[in-house]
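The values are calculated or read from the model by the stated rules, or taken from the named source; none is laboratory data. Just so it is clear, the model here is predicted, and its values are computed rather than measured. So basically every Cβ, Gly included, is an ideal-geometry build from the backbone, and we count neighbours across all protein chains shown. Accessible surface is based on the protein model in full, side chains and every heavy atom, while ligands, DNA and RNA are left aside. Shrake-Rupley method; radii C 1.70, N 1.55, O 1.52, S 1.80 Å.
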Amino acid sequence: MENLILSTKNTWCPGCGNFGIQNAFKEVLPEVGKERVVLVTGIGCHGKMADYINVSSFYALHGRTIPVATGIKSANNDLQVICCAGDGDVYNEGISHLLHAAKRNSNITVIVHDNHVFSLTVKQPTSTSPEGFTGSSTPEGHPERPLNPVDLMLSVKASFVARSFVGKQGHLKEVIKEGIEHKGFSFIEVLQPCVAWYNTFPEYAKRVYEMKEIPSSFKEAREKAQEWDYSNEADIPLGVFYKEQKEVLEDKLEKTTEVDIGAILEKSK
Amino acid sequence: MENKEKDIQIIIAGAAGQGSKKAGHLIGKLFNSYGFRVFIHEDYESVIRGGHNFSQISVSKEECNAISDKIDFLLALNKDAVENHSRKMKEEGVLIYDSDSIKEEDLPSRADLNIVPVSLNEIIKEAEGIDLMKNTALVSLFMKVVGMDFEKASAALKKELPVKTEENMRVARTAFEKVDKLRELKEGGSHSLPLLAGNEAAALGAINAGLESYFAYPMTPSTGILNFLSKTKGVKTFQPESELAVINMGLGSSYAGKRTMVGTSGGGFALMTEGISFSAQAEIPICVALSQRMGPATGVPTYQAQADLLFASSSGHGDMMRFIVAPGDADEAYELTGKALNISWKYQLPSIVLLDKELSENTYGFKGESEVFKEDVVTEDKEDYERYAGESISPLAFPGGRAMVKATGYEHDSKGIAVEDANKVKEMHEKRLRKYENLREELKRTDTVRTCGEGDVAIVFWGSTKGVVMEATKGMGVKIVWPLVIQPFPEKKMKEVLSGTSKIICVETNATGQLAKMLRCYGTEVEGQVLKYDGRPFTIEELKERIESLL
Ligand SMILES: Cc1ncc(C[n+]2csc(CCOP(=O)(O)OP(=O)(O)O)c2C)c(N)n1
Ligand code: SF4
Ligand SMILES: [Mg+2]
């Protein structure tokens, strides 16, 4: 296998959940065709994927992986455009892009490295941090309840919605592959513990379980997604919650005709 | 101001939704087909129904892209139209009014005026047309009043009415017979020109420079570009959720190899500035059409201001350069938007086209004299490709080929990997500085400042005030100077053209004199300023008087 990891110095903490996503990503790449892949990353610890992986990449501004990815895909529909975004990145700064990309079924894949914390800025709460989270900006405890991003994505009918956990490498790899191969907007929420600021590894390892099959209806998918609401102590279902084939944005945008400026000018006389 | 013989000023005014703009355009097209130069100024409020709208049409034998305070014809569709505009009418001017909606007692008591009542309802009824055809009726009876020949003018009119043409022409014929001819009209003597709004000319310039994709979120006065391009085959257009999405999609699209432009006004541009900065750092081309309107904040959405010169010039955080141009009419909008797109690709940086309400939405006769074409850029698609290689401009490659293309908003090494090492940071900064220096060098060989006339006094303006400055200064013996390029500022060229003058007066439609500030920054003292900041453009007489008071 060709070298998929660059010699760049890696600066993730030892044991960081990001390694698990990088490994899964690395294994999937040859299977989906590395040459056609563009990796778009956000800003945060997760974003360093762009510096570590040997593929074309766009290290975007904080929160903006998704519009960049749609822009790339609209320009070259043959590319396989994959976002690696953070929870702060995509659920805080860039949430409107997430909702709209799902709604318009932009044919991109969004992998969220969800560690429920702004890690790179040293431990502040994000949209998925639990109520009471004590971070550097919330010494008295976070006053807000978390979002449930899986349920949120279902509510806007994202055409592929899945969750995985870096502690389950085989599962993670399969889900990422399936998401990339799905034609349409693919949303993959990855539970990625941050060992430095919010180590959920032991806890999640106990509570996660793989769903045996895809829920048979949209209603059932939402029920499944609501079992764990990111604050209760329920077990955490992993796997594909929902999958649907529908027309993708970028196919609708194709335009091939030449512009006839002469005709436009003649008509304006 | 004396009107040149055969110059005609027409105002057509009514409530929003009454179609005065459409009628104004039809009249413009008729004079265009009669061989006259036509300019149309649009004034409308930010409402969909009601409110007061008007179009003012300048008709002349020689180009006149400005409006006058003295009007020859007023076509009034409601009471407000009479109230707002009749006092501007010249002696013996012609007031045509819709007697269905305006009462006689609301008319001005001026014996000198030719007052022509018409009942548009009656005409429609008689010709068995529909309400929507009132415009056709109004335009046609105006054709008669102004002295046009029915056969000739109606041929031009017919072209503009592709739907229900027969019924429309029946209405036109009936209306034409309803009024008397009040003026003689000979042909203007020129061949007809395409009539384009500045927005349309800018879009066409971009297309000729290779535009492939356009992203925008609606915002007056830039929306015309989005609407125009959406109808244009061959250019991909997309309207996403916000200007933040717009600029970032634009960057993604450019990165993947498509010549891309985005458009907005000040408020949207404020949101886009993160992308301006990203473009500079990642060296990804992006061209922004920034059509200014009156701010701050939401301001006066459909009215004029040139108040984002300094904002655009310093937009985006960090040390960087943007290529900024300021066209003054449709021809310059065409030429300079093409140039902006080309330069952004050649130098891999953000470019900004400073349009404004007047330029974007007014209609000009488009001469099409400048050549705009897609200029080549250096590309390289090889396995050991490095995105940021070299000392200045790095060859471009796009993902999907052999090259691995790593773009980033972090400071980076030649491969596009983030670096923080002091030497590497400095080196990469200097690479970009050299690129900016190369751009300055190239611009030395091109048209960055234009002038017209000679004199002791220089009148310096930028952008859409071009038309009115040209008209107001006729016969004054002044030198007119306007920069086409705002950044990098053509400092030397500006000093050169101003060197023979002893007094500099700046004309701007803003409150703080932003070009004057910029000139002072570059060591050029400005002695006089003519500023206007009520959202309206200068009229010829107004500007003339204000300049004269400073001479
Ligand atoms: C516009 C903007 N705001 C704030 C920041 C500072 N910032 C850098 S990383 C980060 C948080 C990232 O959190 P997340 O996306 O969860 O990534 P993680 O570090 O947890 O992987 C923030 C707020 C920034 N770079 N840009
Ligand atoms: S701070 Fe957390 S997310 Fe960042 S590298 Fe360390 S463990 Fe990973
Ligand atoms: Mg995080």
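Quick one: with all protein chains in place, what share of the accessible area of the stretch A:94-214 is carbon or sulfur, to the nearest percent (1.4 Å probe)? Let's see the in-between values first.
Numbers: 2390 of 4540 Å².
Summing carbon and sulfur atoms, their accessible area is 53 percent of the total for the stretch A:94-214.
Most mobile of A:Lys157, A:Lys73, A:Lys246 per a Gaussian network model of chain A (Cα springs, under 10 Å)?
A:Lys246
Gain in length, B:Ser370 to B:Leu433, computed as 0.36 nm per residue apart minus the alpha-carbon separation, to one decimal in nm?
19.6 nm
Roughly what angle does helix A:218-227 make with the longest principal axis of chain A, taking Cα atoms, 0 to 90 degrees, to the nearest 10?
30 degrees
Using Cα pairs under 8 angstrom and six or more residues apart, how large is the relative contact order of chain B, in percent?
12 percent
Show me the trypsin sites (Lys or Arg not before Pro) within the stretch B:75-119 that DSSP assigns to loop and that have at most 12 other Cβ atoms within 10 Å of their Cβ.
Qualifying residues, ordered by number: B:Lys103.
How much accessible area per residue does the stretch B:216-356 have, counting only protein heavy atoms and a probe of 1.4 Å, in square angstrom?
Here the per-residue accessible area is 21 Å².
How big is the accessible area of A:Val259 in square angstrom, nearest 10, if you roll a 1.4 angstrom probe over the protein chains?
A:Val259 has an accessible surface of roughly 40 Å² with all protein chains in place.
Would you mind getting the accessible area per residue of the stretch B:7-176, heavy atoms of the protein chains only, 1.4 Å probe, in Å²?
Ligands and nucleic acids excluded, the figure is 40 Å² per residue.
Put B:Ser499, A:Ser155 in order of accessible area, largest first, 1.4 Å probe: what do you get?
Most to least solvent-accessible, the answer reads B:Ser499, A:Ser155.
Defining a contact as two alpha carbons under 8 Å apart and six or more residues distant in sequence, what relative contact order in percent does the stretch B:7-176 show?
Over the stretch B:7-176, the number comes to 20 percent.
How many nm separate the modelled label positions at B:Glu83 and B:Glu420, each set 7 Å beyond the Cα in the direction of the Cβ?
Modelled inter-label distance: 6.6 nm.
If you find the alpha carbon centre of the stretch B:187-211 and of the stretch B:9-87, how far apart are they in angstrom?
Cα centroid of the stretch B:187-211 versus Cα centroid of the stretch B:9-87: 20 Å apart.
Does the stretch B:7-176 come out rounded, prolate or oblate by the C-alpha gyration tensor, with a ≥ b ≥ c the root eigenvalues, rounded set by a/c under 1.5 and, if not, prolate when a/b is larger than b/c and oblate if not?
Numbers: a/c = 1.39, a/b = 1.11, b/c = 1.25.
Rounded, because the longest to shortest axis ratio a/c is under 1.5.
Across peptide B:400-408, what mean number of C-beta atoms from other chains lies inside 10 Å of a residue's C-beta?
Counting Cβ atoms of other protein chains within 10 Å of each residue's Cβ and averaging gives 6.
Quote the FRET efficiency, to the nearest 0.05, computed for A:Ser137 versus A:Lys206 with a Förster distance R0 of 41 Å and r equal to the Cβ-Cβ distance.
Here the calculated transfer efficiency is 0.90.
Label B:Asn227 and B:Thr165 with points 7 Å out from Cα along Cα→Cβ: what is the distance between them in nm?
Roughly 2.5 nm, to one decimal.
Could you tell me the calculated FRET efficiency between A:Asn10 and B:Thr512, based on Cβ-Cβ distance and R0 = 45 angstrom, to the nearest 0.05?
The calculated FRET efficiency here is 0.30.
In chain B, carbon and sulfur make up what percent of the accessible area (probe 1.4 Å)?
Using a 1.4 Å probe with all protein chains present, chain B comes out at 48 percent carbon and sulfur.
Nearest 10 degrees, 0 to 90: what angle lies between the long axis of helix A:18-32 and the longest principal axis of chain A (Cα atoms)?
Value to nearest ten degrees: 40.
Arrange the residues B:Lys357, B:Lys236, A:Lys177, B:Lys21 by how much accessible surface each exposes, largest first, with a 1.4 angstrom probe.
On the way: B:Lys357 5, B:Lys236 25, A:Lys177 50, B:Lys21 115 Å².
Listed by decreasing accessible area, they come as B:Lys21, A:Lys177, B:Lys236, B:Lys357.
Rounded, prolate or oblate for the stretch B:254-366? Axes are the square roots of the Cα gyration tensor eigenvalues, ordered a ≥ b ≥ c, and the cut-off for rounded is a/c under 1.5.
oblate
In Å², what does the accessible area per residue of chain A work out to with a 1.4 Å probe?
So chain A comes to 39 Å² accessible per residue, rounded to a whole number.
Mind checking which lysines have their C-alpha under 19 Å from B:Lys186, skipping anything on the same chain fewer than 8 residues away?
Reachable lysines: B:Lys4, B:Lys6, B:Lys29, B:Lys61, B:Lys144, B:Lys152.
Residue by residue through the stretch B:211-221, which ³J(HN,Hα) values in whole Hz follow from phi under the Karplus form 6.51 cos²θ - 1.76 cosθ + 1.60 (θ = phi - 60°), with glycine and proline marked x?
Going residue by residue, I get 3, 10, 9, 9, 10, 7, 10, x, 7, 4, x Hz, with x marking Gly and Pro.
What are the residues of the stretch B:253-280 that lose 40 Å² or more of accessible area, with a 1.4 Å probe, going from their chain alone to all protein chains?
The answer is B:Tyr255, B:Ala256, B:Glu274, B:Phe278 - residues whose exposure falls by at least 40 Å² when every protein chain is included.
Show B:Tyr522, B:Tyr334 ordered by accessible area, largest first, where the area counts protein heavy atoms only and the probe is 1.4 Å.
B:Tyr522, B:Tyr334
Under a crude label model (7 Å from the Cα following the beta-carbon direction), how far is B:Lys503 from B:Val47 in nanometres?
For B:Lys503 paired with B:Val47, the spin-label model returns 4.4 nm.
Amide H neighbours of A:Tyr242 under 5 Å, counting only residues 5+ apart in sequence or on other chains, H built in-plane at 1.01 Å?
Residues meeting the criterion, in which the H sits 1.01 Å from N, are A:Val161.
So what's the gap between the Cα centers of the stretch B:495-528 and the stretch B:301-378, to the nearest angstrom?
21 Å
Which residues, if any, in the stretch B:206-248 lose at least 50 square angstrom of accessible heavy-atom surface (probe 1.4 Å) when the other protein chains sit next to their chain rather than the chain being alone?
Buried by 50 Å² or more upon assembly, which counts only protein chains, are B:Lys233, B:Gly234, B:Lys236, B:Phe238, B:Glu241, B:Asn248.
Which residues of the stretch A:96-124 bury at least 30 Å² of accessible area once all protein chains are present, versus their chain alone (1.4 Å probe)?
Residues meeting the cut-off: A:His97, A:Arg104.
Run through the DSSP bridge list for the protein assembly as shown and note the antiparallel percent, rounded to the nearest 5. Intermediate values should be presented prior to the final figure.
Details: 35 of 115 bridges.
Antiparallel: roughly 30 percent of the beta bridges in the protein assembly as shown.
Per-residue accessible area for B:Val300 at 1.4 Å probe radius, Å² rounded to 10?
Roughly 60 Å² of B:Val300 is accessible to a 1.4 Å probe.
If the cut-off is 13 Å between C-alpha atoms, which aspartates and glutamates fall inside it for B:Lys21, apart from same-chain ones fewer than 8 positions away?
Within reach: B:Glu42, B:Asp43, B:Glu45, B:Glu361.
State, in square angstrom and to the nearest 100, the accessible area buried between chains B and A, both chains counted, probe radius 1.4 Å.
3900 Å²
So which trypsin sites (Lys or Arg not before Pro) in the stretch B:419-452 are both in a DSSP loop and have at most 11 other Cβ atoms within 10 Å of their Cβ? Mind dumping the intermediate values first?
On the way: sites: B:Lys424, B:Lys426, B:Lys431, B:Arg432, B:Arg434, B:Lys435, B:Arg440, B:Lys444, B:Arg445, B:Arg450; in loops: B:Arg445.
Listed in order of number, the matching sites are B:Arg445.
How many angstrom lie between the C-alpha centres of the stretch B:161-176 and the stretch A:77-98?
So the separation of the two Cα centres works out to 55 Å.
Using the Cα gyration tensor of the stretch B:449-548, with a ≥ b ≥ c the square roots of its eigenvalues, what is the shape: rounded (a/c below 1.5), prolate (a/b larger than b/c) or oblate (neither)?
oblate
If R₀ is 45 angstrom, what is the calculated FRET efficiency for the pair B:Val378 and A:Lys269, using the beta carbon separation as r and rounding to 0.05?
0.70
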